[in-house]
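J.: Got a structure here, written out as structure tokens. Questions coming.
The values are calculated or read from the model by the stated rules, or taken from the named source; none is laboratory data. Being a predicted model, the structure only gives us computed values, none of them experimental. Here the Cβ positions follow ideal geometry from the backbone for every residue, glycine too, while neighbour counts run over all protein chains shown. For accessibility, only protein heavy atoms count, side chains too; no ligands or nucleic acids. Shrake-Rupley method; radii C 1.70, N 1.55, O 1.52, S 1.80 Å.
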Amino acid sequence: RAPRASAQDLLGEGNARYMNGDLDGARTKYAEGAAIEAFTSERVDCLVNLASVELDRGAEAEAETLYRRALAEAVERGNFFHVDAAQNLASLLQGQGGYERTREASLLYRDVVRADEDRWDAWCNLGAALVDAGAPKLDAIKCFQRGITRAEVLESDDGASPNLVRGIRASLADMYFGLGSCFADLDEPGRLAAYGDGEILLTSYDERVDLYEGGQADADAAVAESAANALRAAVELRNGDFPLATHALETLAARSDGLAAPDRASPAFVKALFDDFAPTFDDQLQNVLEYRAPELLAEAAAARVAERGASYASAFDAGCGTGLLGPPLRPLVAGELVGADLSGNMVERAAALGCYDALAVGDLNDASCYVNPAVAAAAPYDLVAAADVLCYFGALDDVLALWAGILRPGGDCIFSCERAPGDREWLLGPTGRYAHSPSYVAAAAARAGLSCASTTDIVPRVENGEAVPGTLYVLQKAP
């Protein structure tokens, strides 16, 4: 009888099949290797690779179970830490999102870089996980920089494989974007700390000058330069096609250099932001940012229904996102509830809720959105509602005029805005979102033929531990 194949043999056969795209064949061999009773490191490798195959097949739950089993067996039976199992599990958890999973991912990445400090991708993923988990930005900056420096060393190595070089170059733009965003998000104490560190800054250093011994103003300038340099590198690495980094640069220029901000966020930026954000949007906003705009807007709509003595005949959820406003709005609308958003990924998630009668993908500042059959069929509307949407618009005249155009006489327009400080009509804030003064919103509304029924100071979200000031507007079109 032929001797039974060893875990090492089965691992090799599985790898060969995997490299040839034969997932079923690889799965069979890895499973056979993982089932061998005698413990070897190759047996654990079979478990890890089997998990990766399951992940490729879309079986995330099975993959997670196998990664966790591999980690546990390596420690309990082999007394070693399986770096690949830890990094793959961390990547899986990070992709699923949510505070607890992101936090666990960050702890796993920490263990990975302690075991192998040259893993550039683990350093950068750790930086991103720390940002998502709300950790200090300075910690994330150091992680991004360690990842970038290690990646660039490998990229320039003549002995590096072409596949490795392509992988690094594809990732560097995201790394620099993460780094630049963290620099831009530092608060005053954080900027001073970064300035005092000196080594993490991306500035033109002149050894003849004590560059890092100034005060807050010098720190602010040095950090702004570092943020801009990192963001410019990100844009250049994508050959100019990186809307998220471009918007971050515009925000930074408006804040640091006093340049005029664009009158709205580019549609390409908003689409890219929310297409990427869609999988973790609800958890991030509700559990990390304590997001309340949909709840507050629905309460205002309910109060208006009580005043009217009747439900809204139809309603349009402008910038519906994943549909957070849909469920609380649905009982207030007797007829059609329609939503639209620029992000197709967001609209897909909103559709899964089952509370919208129709949904469309479109730019709210473009008239073509409102002639889309899904939107136009239910017009005119009794209600246009927009929760936390106008923070991506500076000038409001065009969008308010479009909303007034689809309202029936006497209809309501209810929305939230972040509130601008001082006497500015609107401004692009350090978060990359726009804020508006109540007087400006009232004037823009009047120009669109909408009168102000009420304004209420609200806190739509909490960011970096601080309440974001906002205003809830209830406008009405003349009967």
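J.: Under the rule of -39500 (n - 2.57) per DSSP H run of 4 or more residues, summed and divided by the residues of the chain, what mean residue ellipticity at 222 nm is obtained, to the nearest 500 deg cm²/dmol?
T.: -17500 deg cm²/dmol
J.: A further question follows. Measuring with a 1.4 Å probe in the full set of protein chains, what accessible area per residue, in whole Å², belongs to the chain?
T.: Per residue, the chain has 45 Å² of solvent-accessible surface.
J.: Expected output is a single nm value to one decimal: the length gained when fully extending between ARG447 and ASP397, i.e. 0.36 nm times separation in residues minus the C-alpha distance. What is it? Don't jump to the answer; show the numbers that get you there.
T.: Numbers: separation 50, 0.36 × 50 = 18.00 nm, distance 0.73 nm.
In short, 17.3 nm is gained.
J.: Given just the C-alpha atoms of the chain, how large is their convex hull per residue in cubic angstrom?
T.: Output value, Cα hull per residue: 178 Å³.
J.: Could you compute the FRET efficiency for GLU62 and ASP24, with r as their C-beta to C-beta distance and R0 at 25 Å, rounded to 0.05? All intermediate terms of the calculation are to be shown ahead of the outcome.
T.: On the way: r = 15 Å, r/R0 = 0.58.
Calculated transfer efficiency: 0.95.
J.: Another question, then. Please give, to one decimal in nm, the separation of the simple spin-label points placed at ALA376 and ALA253, each 7 Å out from Cα toward the Cβ.
T.: Calculated label separation equals 3.7 nm.
J.: Okay, moving on. Can you give the extra length, in nm with one decimal, that the chain gains between ARG166 and ALA302 once fully stretched, where that is 0.36 nm per residue apart less the Cα-Cα distance?
T.: 43.5 nm
J.: Of the options LEU47, ALA448, ILE148, report the single residue whose Cα projects farthest towards the positive end of the charge dipole of the chain (beta-carbon charges: Lys, Arg +1; Asp, Glu -1).
T.: Highest projection toward the positive end goes to ALA448.
J.: Relative contact order for the range 349-409: what is it in percent, counting Cα pairs under 8 Å that are at least 6 residues apart?
T.: Taking the mean separation of contacting Cα pairs over the length of the range 349-409, I get 32 percent.
J.: Here's something else I'd like to know. Would you mind checking the radius of gyration and Dmax of the range 88-168 based on alpha-carbon positions, in Å?
T.: Considering the range 88-168 through its Cα atoms, Rg and Dmax are 13.0, 41 Å.
J.: For the chain, give the share of DSSP beta bridges that are antiparallel, in percent and rounded to the nearest 5; count only bridges with both residues there.
T.: Approximately 55 percent, going by the DSSP bridge assignments.
J.: Report relative contact order for the chain in percent, whole number only (criteria: Cα-Cα under 8 Å, sequence separation at least 6).
T.: It rounds to 9 percent for the chain.
J.: What order do you get for 394-403, 58-67, 8-17 when each peptide is scored by the mean count of other beta carbon atoms within 10 Å, highest first?
T.: Details: 394-403: 20.2, 58-67: 17.0, 8-17: 18.7.
Packing proxy ranking, top to bottom: 394-403, 8-17, 58-67.
J.: Please give the FRET efficiency for ARG408 paired with GLU100, using the beta carbon to beta carbon distance and R0 = 45 Å, rounded to the nearest 0.05.
T.: Numbers: r = 46 Å, r/R0 = 1.02.
FRET efficiency, ARG408 to GLU100: 0.50.
J.: Let's test the formula: R0 of 35 Å, r as the Cβ-Cβ distance of ALA38 and THR149. What FRET efficiency results, to the nearest 0.05?
T.: After rounding, the FRET efficiency stands at 0.25.
J.: May I pose another question? For LYS29, list the aspartates and glutamates whose Cα falls under 18 Å from its own Cα; do not include residues on the same chain fewer than 8 positions away.
T.: The qualifying aspartates and glutamates are ASP9, GLU13, GLU37, GLU42, ASP45, GLU54, ASP56, GLU62.
J.: Also: Give, rounded to the nearest 20 debye, the magnitude of the charge dipole that the chain has about its Cα centre when Lys and Arg contribute +1 at Cβ and Asp and Glu contribute -1 at Cβ.
T.: 1040
J.: Keeping the other protein chains in place, figure out the carbon and sulfur percent of the accessible area of the chain, with a 1.4 Å probe.
T.: Working: 10650 of 21730 Å².
Carbon-and-sulfur percentage of accessible area, whole number: 49.
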